[in-house]
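Below is one structure, written out as structure tokens; comments come after it.
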Amino acid sequence: MQTDLIFKTNHLDTKSASFCAAKWYNATIWLGSGMTTSCHHPLPHKIDAEALKHNPKLLHNTPEKKEQRKQMQCGERPGGCEYCWKIEDMGPNFISDRVYKSKIYTSEELNNAYTTTHDEDVDLITLEIAFDRTCNFACSYCNPAFSTTWVKDVKNNGAYQELISDGRNHFTHPHDSNQLYKLNETNPYVEAFFAWWDTDLHRTLRELRITGGEPIMSAELWRLFDWFRLNADKSQTKLAINSNLGGKAELIDRLVEARTHLPSLDIYTSMEATGYSAEYIRDGLDFDQWWKNLVKLHFADIDTHCMMTINALCLPTLPDMIEKILRARELFGKDFATMSYNILRFPSFQSCLVLPQDIKDDCVSKLKQLDLTNMQDWERGQLDRLIEYLQVVEKPHNEAFEMPKLHNDFKKFYTQYDVRRNHTFTKAFPELESWYESL
């Protein structure tokens, strides 16, 4: 905390009271929908497809971002960044995400951003992209915006009915605006990315993270890998992929083979439960095959990371999942499948906070009994924060609906989910059966 305050004082406050380097050097871009944002807090906005034909750098350097850069250079607060302003307004010792999103860049890069004319096009240093929403899974807390399998559910079976809380619209329509072009059509946003990649991005990007959908099912990922194969040593960009690791065996093998042509490759996969519980949450999953794929990548010189999305359904077997990875480290080394704990807030009715306190307490008790010998210090810190969250926090977020409405949606949603997906809630989560039947 103290070092973060020193960084803020010496490197941000000396520029302006609202400066954040992410507005210049970082972006998330959804190429399927033509939307972008500078980090995960501001709402995404539209990219002008026609303008891209003349300047592919407008994928990131949009008029909205340029205006916000000007505001930051003048010490004004862009409205879309209110998450950080709320944190900072709590007091001078509170650190917002603009500190963490700025400290990854060098002093020279920070100075260049601040002194660059606000309307100048800048090249990205860190980038997260999604080529499309193609996905073979339809996870319960996902939605059609990010999964073609979810699209099929809604188009074949209609909207989920009688949901009344926040997040209900995730499950009521196919989100066609998230995939503007068919897979055999030319997507101007994709073409602009590769044009920018060829000219500048392959030199300036330190990190490129590819998400989806399921990226290894996207032809554009393999197009990018082919570029690396044909242009050895031209780029030192670190690549990371968010993958469910549920693809066909030949895709996993292609991933292993592609690693030989890449500067580095990290795979971020998600799993927070075991067995049928996990297969229920992540519809389409074969848990045993997922585990085999994870081990296979580890031994192929691919760094593996397990992102655990903490939701209501994972608490009964979450301790088992953590223990499984810790035991595997005894065989494979302490760098196997580093773990992070990401608390689900949307849709609120699937938050772990909808569960009664005794179920949360039982999970906490089991987490505290784990042998953490093979856990890294930063992982322990995240686990401690999760334990505190389960014991103290009462609402998923400030605007969440009251608990009776969340419980209504929980029961209504999973009753329909079982029919559509051929699952049985009480079989997957016997520990929750009594509570579930009482809703």
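The values are calculated or read from the model by the stated rules, or taken from the named source; none is laboratory data. Bear in mind that the values here come from a model prediction, so they are computed numbers and not experimental data. With ideal geometry, Cβ positions are generated from the backbone for all residues, glycine too; neighbour counts draw on all protein chains shown. The protein model used for the area step is the full one, side chains on, heavy atoms only, and it has no ligands, DNA or RNA in it. Shrake-Rupley method; radii C 1.70, N 1.55, O 1.52, S 1.80 Å.
Please list, in chain and number order, the residues 5+ apart from CYS139 or on another chain whose amide H is under 5 Å from its amide H, with Hs placed from the backbone.
Distant-sequence amide H within range of CYS139: ASP283.
Per DSSP H run of n ≥ 4, the term is -39500 (n - 2.57); total these for the chain, divide by its residue number, and report the mean residue ellipticity at 222 nm rounded to 500 deg cm²/dmol.
My calculation for the chain gives -11500 deg cm²/dmol from helical runs alone.
Roughly how much of ILE310 is accessible, in Å² to the nearest 10, using a 1.4 Å probe?
Surface accessible to solvent at ILE310 totals approximately 0 Å².
Rounded to whole Hz and in sequence order, give me ³J(HN,Hα) for the stretch 188-205 from the Karplus expression 6.51 cos²θ - 1.76 cosθ + 1.60, θ = phi - 60°, writing x for Gly and Pro.
With the stated coefficients, the stretch 188-205 comes to x, 6, 5, 5, 5, 4, 5, 5, 5, 4, 4, 8, 9, 4, 5, 9, 8, 6 Hz.
Over what distance in Å are the Cα centres of the stretch 214-260 and the stretch 118-195 separated?
Cα centroid to Cα centroid, the span is 21 Å.
Considering only DSSP beta bridges where both residues belong to the chain, give the percentage that are antiparallel (nearest 5).
Just about 20 percent of them are antiparallel.
Heavy-atom accessible area of PHE299 with all protein chains present, probe 1.4 Å, nearest 10 Å²?
Here the accessible area works out near 140 Å².
Residues in the stretch 320-356 near a label at GLN369, defined as backbone nitrogen under 20 Å from the 7 Å Cα→Cβ point?
320-328, 356
Checking the a/c ratio against 1.5 first, then a/b against b/c, what shape does the Cα gyration tensor give for the chain? Don't jump to the answer; show the numbers that get you there.
Working: a/c = 1.43, a/b = 1.29, b/c = 1.10.
Cα axes put the chain in the rounded bin.
Given 25 °C and 0.890 mPa s, how large is the Stokes-Einstein diffusion coefficient of the stretch 208-336 in µm²/s, with Rh as the Kirkwood radius over Cα pairs?
159
Please compute, over every Cα-Cα pair in the stretch 276-412, the percentage with a separation greater than 19 angstrom. Could the numbers behind the result be given before it?
On the way: 5002 of 9316 pairs.
That tail contains 54 percent of the Cα-Cα pairs.
Which of the pairs LYS182/LYS411; LYS23/LYS238; LYS66/LYS101; LYS66/LYS395; LYS248/LYS366; LYS182/LYS248 have their Cα atoms more than 26 Å apart in this structure?
LYS182/LYS411; LYS66/LYS395; LYS248/LYS366
What does the net charge come to around ASP153 if you take all other residues with beta carbon closer than 11 Å to its beta carbon, with K and R at +1 and D and E at -1?
+3
Might you work out the accessible area of ASP253 for me, using a 1.4 Å probe with all protein chains in place, and round it to the nearest 10 Å²?
70
Mean shadow of the stretch 265-349, computed from the convex hull of its alpha carbons, in nm²?
If I average the Cα hull's projected area over directions, I get 5.6 nm².
Under the rule of at least 5 residues apart or a separate chain, name every residue whose amide H is placed under 5 Å from the amide H of ASP303.
LEU265, ILE267
Using a Gaussian network model on the chain with a 10 Å cutoff between Cα atoms, which of SER165, SER243, SER177 fluctuates the most?
SER177
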